[in-house]
Amino acid sequence: MEKFNITERGYNPEEVNAFLDQLIGKFESMVKEIAEKNEIISVLKKERIELIKNQNNSSLEQENKKLKEKLDSYIKLEDTLNRAILMAQKTADQMRLSANEQAEAIINESKNNANRIINEALLKAEKTRYEADMLRRNLVVYKKRLKGVLETQMDLIDDIEKIEIDF
(Lines give C-alpha, C1' and ligand atoms only; values in the text may rest on other atoms or scores of the structure.)
Protein backbone atom coordinates (compact mmCIF):
# COMPACT_ATOMS: atom_id res chain seq x y z
CA MET A 1 0.00 0.00 0.00
CA GLU A 2 1.33 3.46 -0.90
CA LYS A 3 2.62 5.69 1.95
CA PHE A 4 2.16 9.44 1.73
CA ASN A 5 3.99 12.23 3.53
CA ILE A 6 1.83 14.26 5.92
CA THR A 7 1.71 18.02 5.40
CA GLU A 8 0.15 20.82 7.42
CA ARG A 9 -3.40 20.01 6.26
CA GLY A 10 -3.22 16.22 5.85
CA TYR A 11 -1.54 14.15 3.18
CA ASN A 12 0.62 15.76 0.52
CA PRO A 13 -1.89 16.45 -2.29
CA GLU A 14 0.78 16.12 -5.00
CA GLU A 15 1.72 12.62 -3.81
CA VAL A 16 -1.93 11.56 -3.50
CA ASN A 17 -2.73 12.98 -6.96
CA ALA A 18 0.32 11.27 -8.48
CA PHE A 19 -0.76 7.96 -6.95
CA LEU A 20 -4.33 8.43 -8.17
CA ASP A 21 -2.97 9.23 -11.65
CA GLN A 22 -1.02 5.94 -11.56
CA LEU A 23 -4.20 4.09 -10.57
CA ILE A 24 -6.18 5.79 -13.32
CA GLY A 25 -3.48 4.83 -15.84
CA LYS A 26 -3.61 1.20 -14.70
CA PHE A 27 -7.42 1.21 -14.81
CA GLU A 28 -7.42 2.65 -18.32
CA SER A 29 -4.91 0.04 -19.54
CA MET A 30 -6.98 -2.76 -17.95
CA VAL A 31 -10.16 -1.41 -19.53
CA LYS A 32 -8.39 -1.21 -22.90
CA GLU A 33 -7.11 -4.75 -22.47
CA ILE A 34 -10.60 -5.98 -21.56
CA ALA A 35 -12.01 -4.24 -24.65
CA GLU A 36 -9.38 -5.94 -26.80
CA LYS A 37 -10.14 -9.31 -25.20
CA ASN A 38 -13.86 -8.73 -25.69
CA GLU A 39 -13.21 -7.99 -29.34
CA ILE A 40 -11.18 -11.20 -29.64
CA ILE A 41 -13.97 -13.09 -27.86
CA SER A 42 -16.48 -11.61 -30.26
CA VAL A 43 -14.36 -12.66 -33.25
CA LEU A 44 -13.87 -16.13 -31.76
CA LYS A 45 -17.60 -16.49 -31.18
CA LYS A 46 -18.26 -15.58 -34.81
CA GLU A 47 -15.62 -18.06 -35.94
CA ARG A 48 -17.15 -20.73 -33.74
CA ILE A 49 -20.56 -20.12 -35.26
CA GLU A 50 -19.00 -20.41 -38.71
CA LEU A 51 -17.26 -23.61 -37.71
CA ILE A 52 -20.44 -25.10 -36.32
CA LYS A 53 -22.18 -24.40 -39.61
CA ASN A 54 -19.35 -26.04 -41.54
CA GLN A 55 -18.79 -28.88 -39.10
CA ASN A 56 -18.53 -31.77 -41.57
CA ASN A 57 -15.12 -33.17 -40.88
CA SER A 58 -13.15 -33.97 -37.74
CA SER A 59 -10.45 -31.34 -38.29
CA LEU A 60 -13.11 -28.69 -38.01
CA GLU A 61 -14.30 -30.27 -34.79
CA GLN A 62 -10.78 -30.20 -33.36
CA GLU A 63 -10.32 -26.59 -34.37
CA ASN A 64 -13.74 -25.80 -32.93
CA LYS A 65 -12.68 -27.41 -29.66
CA LYS A 66 -9.46 -25.36 -29.60
CA LEU A 67 -11.39 -22.16 -30.30
CA LYS A 68 -13.86 -23.01 -27.56
CA GLU A 69 -10.97 -23.54 -25.13
CA LYS A 70 -9.46 -20.21 -26.16
CA LEU A 71 -12.83 -18.55 -25.75
CA ASP A 72 -13.23 -20.06 -22.29
CA SER A 73 -9.75 -18.91 -21.28
CA TYR A 74 -10.49 -15.37 -22.52
CA ILE A 75 -13.77 -15.34 -20.61
CA LYS A 76 -11.90 -16.39 -17.45
CA LEU A 77 -9.27 -13.72 -18.11
CA GLU A 78 -11.97 -11.09 -18.55
CA ASP A 79 -13.55 -12.14 -15.26
CA THR A 80 -10.17 -11.96 -13.50
CA LEU A 81 -9.48 -8.50 -14.94
CA ASN A 82 -12.91 -7.27 -13.86
CA ARG A 83 -12.26 -8.50 -10.30
CA ALA A 84 -8.83 -6.82 -10.30
CA ILE A 85 -10.39 -3.52 -11.37
CA LEU A 86 -13.01 -3.76 -8.62
CA MET A 87 -10.32 -4.50 -6.00
CA ALA A 88 -8.21 -1.57 -7.20
CA GLN A 89 -11.24 0.74 -7.02
CA LYS A 90 -12.03 -0.46 -3.48
CA THR A 91 -8.42 0.09 -2.44
CA ALA A 92 -8.40 3.62 -3.88
CA ASP A 93 -11.70 4.39 -2.11
CA GLN A 94 -10.35 3.05 1.19
CA MET A 95 -7.17 5.12 0.83
CA ARG A 96 -9.18 8.25 0.04
CA LEU A 97 -11.44 7.61 3.06
CA SER A 98 -8.43 7.00 5.32
CA ALA A 99 -6.72 10.17 4.09
CA ASN A 100 -9.88 12.19 4.73
CA GLU A 101 -10.26 10.73 8.22
CA GLN A 102 -6.65 11.50 9.10
CA ALA A 103 -6.97 15.02 7.71
CA GLU A 104 -10.12 15.54 9.80
CA ALA A 105 -8.33 14.26 12.92
CA ILE A 106 -5.41 16.63 12.32
CA ILE A 107 -7.78 19.56 11.82
CA ASN A 108 -9.70 18.72 15.01
CA GLU A 109 -6.46 18.40 17.00
CA SER A 110 -5.28 21.77 15.62
CA LYS A 111 -8.58 23.39 16.59
CA ASN A 112 -8.34 21.95 20.11
CA ASN A 113 -4.75 23.20 20.48
CA ALA A 114 -5.76 26.64 19.22
CA ASN A 115 -8.65 26.79 21.72
CA ARG A 116 -6.35 25.75 24.56
CA ILE A 117 -3.78 28.41 23.63
CA ILE A 118 -6.49 31.08 23.40
CA ASN A 119 -7.91 30.11 26.80
CA GLU A 120 -4.46 30.25 28.40
CA ALA A 121 -3.84 33.68 26.86
CA LEU A 122 -7.21 34.94 28.13
CA LEU A 123 -6.42 33.70 31.67
CA LYS A 124 -3.01 35.40 31.59
CA ALA A 125 -4.58 38.63 30.33
CA GLU A 126 -7.20 38.52 33.11
CA LYS A 127 -4.50 37.94 35.75
CA THR A 128 -2.42 40.82 34.37
CA ARG A 129 -5.48 43.09 34.36
CA TYR A 130 -6.21 42.15 37.99
CA GLU A 131 -2.60 42.86 39.03
CA ALA A 132 -2.65 46.23 37.24
CA ASP A 133 -5.89 47.17 39.06
CA MET A 134 -4.30 46.21 42.40
CA LEU A 135 -1.26 48.38 41.65
CA ARG A 136 -3.51 51.34 40.78
CA ARG A 137 -5.45 50.95 44.05
CA ASN A 138 -2.23 50.65 46.05
CA LEU A 139 -0.84 53.78 44.35
CA VAL A 140 -4.00 55.76 45.21
CA VAL A 141 -3.73 54.64 48.87
CA TYR A 142 -0.01 55.49 48.96
CA LYS A 143 -0.67 58.96 47.50
CA LYS A 144 -3.40 59.64 50.08
CA ARG A 145 -1.12 58.57 52.96
CA LEU A 146 1.79 60.63 51.64
CA LYS A 147 -0.49 63.63 51.21
CA GLY A 148 -1.72 63.16 54.79
CA VAL A 149 1.86 63.00 56.13
CA LEU A 150 2.83 66.11 54.15
CA GLU A 151 -0.24 68.00 55.40
CA THR A 152 0.64 67.03 58.98
CA GLN A 153 4.19 68.28 58.42
CA MET A 154 2.85 71.54 56.96
CA ASP A 155 0.59 71.98 59.98
CA LEU A 156 3.62 71.47 62.24
CA ILE A 157 5.59 74.06 60.30
CA ASP A 158 2.66 76.49 60.59
CA ASP A 159 2.48 75.86 64.34
CA ILE A 160 6.24 76.41 64.73
CA GLU A 161 5.98 79.73 62.88
CA LYS A 162 3.22 80.86 65.25
CA ILE A 163 5.40 80.34 68.26
CA GLU A 164 7.36 83.46 69.06
CA ILE A 165 10.72 82.95 70.36
CA ASP A 166 12.19 85.68 72.58
CA PHE A 167 15.87 86.10 72.61
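The values are calculated or read from the model by the stated rules, or taken from the named source; none is laboratory data. Computed from a predicted structure; not experimentally measured. Accessible surface is based on the protein model in full, side chains and every heavy atom, while ligands, DNA and RNA are left aside. Shrake-Rupley method; radii C 1.70, N 1.55, O 1.52, S 1.80 Å.
Brief remarks on what is shown
- Among the listed pairs Lys90/Lys111; Lys26/Lys90; Lys45/Lys76; Lys32/Lys90; Lys37/Lys68, those with a Cα-Cα distance over 25 Å are Lys90/Lys111.
- Choice from Asp133, Asp155, Asp21 with maximal GNM fluctuation in the chain (Cα, 10 Å cutoff): Asp155
- Comparing Leu135, Leu81, Leu23 in a Gaussian network model of the chain where C-alpha atoms under 10 Å apart are linked, the largest mean-square fluctuation is found at Leu135.
- Using a cutoff of 8 angstrom between alpha carbon atoms and counting only pairs six or more residues apart, the relative contact order for the chain works out to 26 percent.
- Partners of Lys147 within straight-line reach, counting aspartates and glutamates whose Cα lies under 13 Å from its Cα and excluding those fewer than 8 residues away in the same chain: Asp155.
- Working note: Cα atoms of the stretch 72-137, range along each principal axis, descending, whole Å: 97, 6, 5.
- Whole-number Å³ per residue for the convex hull built on Cα positions in the chain: 128 Å³
- To put it simply, the accessible area of the chain at a 1.4 Å probe is 55 percent carbon and sulfur.
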